[in-house]
């Protein structure tokens, strides 16, 4: 395969990696092996299965080739020393093998930096999950870890699906074609090409910078004014701080039908609005319990989305979503989020999603881009402690739309662990698969020492909304019974000679019993 160079967008993730924060992203799959032939899947079967799929994507057998002195962005080249058993590993949880141990183990795996001299991926087959309450015995997990420099966030689902089949017993694939690594380019050629690209970068950068000045500058000025003049509108929390190298991960599972019911509480709301409202309620609970809730202004999330015009990484667009953490009433929070989704993008969204800014980063030299990315990272960490543009990341990851199988074992659970950075130390991954919706927060151990408590806040916020969905049919039934009773009650004959003075108090008399029924029907739960 011909040598490919990283785009400025992808190389930027490498330039911002630090010892305590990297751009690793991990996909978590749990499988039920009862559907496999014989009811058992061996590690050697998984190893052979992955080996047969290596040719499906160049990522699996290509490594980074850096340009000497950082003159240009790195290239993807074949790894002549590719070793499948280095990338696919087999481990087991210590007994009792409960969910908390699983979260700790996968967090440690996710936090470890990938070897940049090898292909940027690792897979872990994890056994010993027998103490999971809602999983059948013998279930195993597959953790697939890669780097955002190799795969865009919204292409991860497509990458992992290359390893899966849509049937438990698919037809036998043809034998893999023989593979031979192509020679890496010489250092002298890389230096020569890097010098040319660095010398011509100012010419290529002139037009994008002009567009940045005309289209991005107004949004940047507006955001800077908001941060300097009205810092209270952008409240900081514990998650807007320097992150440690230690990660924590948790997850809560729900059904898509339940979120459809929550969405229906507010006309025009979407499932994404309902998810954001539940997360806003969870943040409100968690910070309030710790005495850290900003009382008058809402926390906000940045939400990356794939642009409808194309899947290229530089065509990602961003939404800046206020989560309604300053609103105590759950229904009102969802109403506010649904109305906000129809508004035009604000300054933060316009700045992050600017095509002119993306083009400028593509045309900048490697040295300039690396320097600017590090500068922005340091500035974000400093600003995060006072006036952060956002408090967390919220990403909806695409998932398979039909049941998937690995060596015959059915995929029963799908979630993800996202990267966090200085100044933005909380990220939520939202996945939907097989009728389930999973919300998975990732943070660092110092910022969130009790991830199981935060996960319970997510559950409690969800239960609050679920209780509202139960009230709606109860109120309808009560109203129907009241109407039926009123229709069945015989009406007294009208008295034409009735004195007006006697009629007045009767008309003004309150109907206490009916009002009492209405109040009882409106109680939560």
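The values are calculated or read from the model by the stated rules, or taken from the named source; none is laboratory data. In this text the structure is predicted, and so the values were computed from the model without any measurement. Note that we place each Cβ from the backbone using ideal geometry, even for glycine, and neighbour counts take in every protein chain shown.
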Name the residues in region 239-292 that are in contact with a helix residue (DSSP H, G or I) (Cβ under 7 Å, 6 or more places away or on another chain), farther than 21 Å from residue 420 by Cβ and in a loop (DSSP other than H, G, I, E, B), would you? 265, 266, 268, 269, 270
Taking only region 375-401 into account, find how many residues are part of a loop (DSSP other than H, G, I, E, B) and at pLDDT below 90. 10
For region 31-56 the number of residues that are over 17 Å from residue 88 (Cα atoms) and either part of a strand (DSSP E or B) or touching a residue at least 12 places away in the same chain (Cβ under 8 Å) (or both) is 8
Quick test for you: out of 75, 86, pick the one residue that is more than 24 Å from residue 175 (Cα to Cα) and in contact (Cβ under 8 Å) with a residue 24 or more places away in the chain. 75
Any residue in region 66-88 that is within 20 Å of residue 30 (Cα to Cα) and modelled with pLDDT of 95 or more? yes
Within the group 116, 142, which residue is under 21 Å from residue 49 (Cα atoms) and touching a residue at least 60 places away in the same chain (Cβ under 8 Å)? 142
When you check residue 116 against the structure, is it assigned to a loop (DSSP other than H, G, I, E, B), in the same structural domain as residue 43 (by TED's automatic domain parsing) and either touching a helix residue (DSSP H, G or I) at 6+ places or on another chain (Cβ under 7 Å) or buried (at least 18 other Cβ atoms within 10 Å of the Cβ) (or both), yes or no? no
Out of the residues in region 59-76 that are assigned to a loop (DSSP other than H, G, I, E, B) and touching a strand residue (DSSP E or B) at 6+ places or on another chain (Cβ under 6 Å), state the one that is nearest to residue 198 (Cα to Cα). 73
Hey, does region 91-100 have a residue that's more than 30 Å from residue 449 (Cβ to Cβ), touching a helix residue (DSSP H, G or I) at 6+ places or on another chain (Cβ under 8 Å) and exposed (fewer than 13 other Cβ atoms within 10 Å of the Cβ)? no
For residue 141, indicate whether it is at pLDDT 80 or above and part of a loop (DSSP other than H, G, I, E, B). no
Scan region 407-429 for residues that are more than 21 Å from residue 111 (Cβ to Cβ) and in contact with a helix residue (DSSP H, G or I) (Cβ under 7 Å, 6 or more places away or on another chain) and jot them down. 407, 408, 409, 410
Residue 177: passes all of (1) in a loop (DSSP other than H, G, I, E, B); (2) farther than 25 Å from residue 250 by Cα; (3) touching a strand residue (DSSP E or B) at 6+ places or on another chain (Cβ under 8 Å) but (3)
Select, from 339, 328, 301, 264, the only residue that is outside the structural domain of residue 148 (by TED's automatic domain parsing), surrounded by fewer than 20 Cβ atoms within 10 Å (Cβ to Cβ) and at pLDDT below 95. 339
Of the conditions (1) out of contact with any helix residue (DSSP H, G or I) (no Cβ under 7 Å at 6 or more places or on another chain); (2) over 19 Å from residue 145 (Cβ atoms); (3) surrounded by 20 or more Cβ atoms within 10 Å (Cβ to Cβ), the single one that residue 402 does not satisfy is (3)
Would you call residue 409 modelled with pLDDT of 85 or more and under 30 Å from residue 297 (Cβ atoms)? no
